[in-house]
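Structure, as structure tokens:
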Amino acid sequence: MTTDTGSELQRDHAGRLRHLLTLEGLSRDELSHLLDLAQFYVRVPGELPARDQSLWGRTVANLFFEPSTRTRVSFELAAKRLGADVVNLDMQSSSRVKGETVLDTIYTLQAMLVDVFVMRDAEPGLPAYVSAHVAPHDVGAHAGALAPPPAAEDRGLPALEAMGFERTNLAALGVVPGMSGGAARFEDFKPRIGDYRAARDYPAAKGPSYLSVHLRFGTVSVRELVAFAHAASLQAGGEGASTWLSELVWREFYAQILWHHPHVVAQSFKPEYDGLAFPNDGVRFTAWCEARTGYPIVDAAMRQLNATGYMHNRLRMIAASFLVKDLLVDWRWGEKVFADRLIDYDLASNNGGWQWAASTGCDAQPYFRIFNPVTQSQRFDAQGAFIRRYVPELAPLDAREIHAPWTVPPATQRAKGVVVGRDYPAPVVDHALARAQALELFGVVRRPAIR
């Protein structure tokens, strides 16, 4: 199985090769349209505008957003009739925006730059996946060819402070640095990958891989992780591996968004949202930063961040949604806090995550989806184990009381020594009222101007 370059395809485009186009989650009309596009790209690349040249001879493979909804549809006969080359494309309709054209979808997928291959003599139904594309680079074979640095410039490695980092006690945080630490963390995760889909959202459980800091500093190979996850996803019970693979794809997706749309560093991906008039209440923002919001799951999340430099991914979504859509603070304020405090900080992922939560990003949640911090707490920390770990003053409350302590009768609060306003802050906002204000704030941007 080999990959073909565009020039090779151009030489062979006269119908000597047969094409198999395999897609997932698209209607027959959409598939027919894409087949026409595939023929067009193969046969007349010179007529394409400059923006489309990158699509020549390429197809997107291994795009896993909702693996459980995938349904394979084979159009082998139609492809053969067109006489194009072998093309496999895995794509889910769930990743497409309503009303988006097939060509728009190609642009979207191209922006993601998920691995792309054109394969010769592929068997019908084979996924467009080549293990060599995710194999680690053989850097050792080339290390001896590197020229030594000039003596005048050989000053050794720069200090952490010179690169903008602050020193911390990684041992106390349970982080073993370097490639050996990354390898050990990966080995710890491998036996748990089968449970990843079920366990990943519960901060009190050992569900995540905890490899984010190693991915951030390059002490583990993302190619090695993808290769392992893909192989495991094809096995019986591979749902956990498939879900984890989708998370790795999200990481690459955000990296490509940053590369192709660098304006997201300081602006919304969707320009219309730059007009949001956030009140940016400084008192509320400080309460969020210092874990004094009065919402236990939010405060526990912020205390975890402040104490360890790490925050569970589900909690990142909850904390971000709360800051933007409950406290009505600009997402860029929260993004900077995470950038300053996360030991696994990565600009692309951090920016993408915040813009997702704020509904300003590419493929973000809709603006009217606003997390309820109480129901999120009840769902993902039902017994309050995570809250008790980071907000120990609430430990006397039972599993029903701990998620919303202000609803506990005053007599019970006094009896248990957890008096809201004395032992733990009262809620900084009322969620129902804040939600209504957020919908109005975002709605002004979404509603067309009246002329």
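A few points about this structure:
- The condition of being farther than 25 Å from residue 202 by Cα and modelled with pLDDT of 95 or more holds for residue 414.
- Selection within the stretch 377-426 - aromatic (Phe, Trp, Tyr) and in contact with a helix residue (DSSP H, G or I) (Cβ under 7 Å, 6 or more places away or on another chain): 380, 386, 390, 424
- For the stretch 268-279, the criterion of being among the small types (Gly, Ala, Ser), under 29 Å from residue 196 (Cα atoms) and modelled with pLDDT of 95 or more is satisfied by no residue at all.
Conditions (1) in contact with a Lys or Arg (Cβ under 9 Å, 6 or more places away or on another chain); (2) buried (at least 19 other Cβ atoms within 10 Å of the Cβ); (3) under 28 Å from residue 268 (Cα atoms); (4) not aromatic (Phe, Trp, Tyr), marked per residue:
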{"residue": "375", "(1), (2), (3), (4)": "no, no, no, yes"}
{"residue": "387", "(1), (2), (3), (4)": "no, yes, no, yes"}
{"residue": "392", "(1), (2), (3), (4)": "no, no, no, yes"}
{"residue": "404", "(1), (2), (3), (4)": "no, yes, no, yes"}
{"residue": "410", "(1), (2), (3), (4)": "no, no, no, yes"}
{"residue": "416", "(1), (2), (3), (4)": "no, no, no, yes"}
{"residue": "430", "(1), (2), (3), (4)": "no, no, yes, yes"}
{"residue": "435", "(1), (2), (3), (4)": "yes, no, yes, yes"}
{"residue": "441", "(1), (2), (3), (4)": "yes, no, yes, yes"}
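- Of everything listed in (1) surrounded by 15 or more Cβ atoms within 10 Å (Cβ to Cβ); (2) farther than 21 Å from residue 380 by Cβ; (3) not assigned by TED's automatic domain parsing to the domain that holds residue 191, the single unmet condition for residue 253 is (3).
This table checks each residue for (1) of a type in the set (A, V, I, L, M, F, W, C); (2) touching a Pro at 6+ places or on another chain (Cβ under 7 Å); (3) surrounded by fewer than 19 Cβ atoms within 10 Å (Cβ to Cβ).
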| residue | (1), (2), (3) |
| --- | --- |
| 311 | yes, no, no |
| 315 | yes, yes, no |
| 318 | yes, yes, no |
| 328 | yes, yes, no |
| 339 | yes, no, yes |
| 343 | yes, no, yes |
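- Matching residues in the stretch 410-434 - criterion: being touching a residue at least 24 places away in the same chain (Cβ under 8 Å) and assigned to a helix (DSSP H, G or I): 431, 434
- Check on residue 332, touching a helix residue (DSSP H, G or I) at 6+ places or on another chain (Cβ under 9 Å), surrounded by fewer than 23 Cβ atoms within 10 Å (Cβ to Cβ) and under 25 Å from residue 388 (Cα atoms): no
- Checking the stretch 377-386 against the condition returns no match, with no residue being farther than 22 Å from residue 299 by Cβ and under 21 Å from the mean Cα position of the chain (by Cα).
- Within the stretch 254-287, being over 22 Å from residue 434 (Cβ atoms) and of a type in the set (A, V, I, L, M) holds for 255, 257, 258, 264, 265, 266.
- Every listed requirement among (1) within 24 Å of residue 315 (Cα to Cα); (2) in contact with an Asp or Glu (Cβ under 8 Å, 6 or more places away or on another chain); (3) at pLDDT below 95 is met by residue 167 save one, (1).
- From the options 366, 392, residue that is within 19 Å of the chain's Cα centre (by Cα) and assigned by TED's automatic domain parsing to the domain that holds residue 333: 366
The values are calculated or read from the model by the stated rules, or taken from the named source; none is laboratory data. The model shown is predicted, which means the values in this text are computed figures rather than measured ones. FYI the Cβ positions are ideal-geometry reconstructions off the backbone, even for glycines, and counts take in every protein chain you see.
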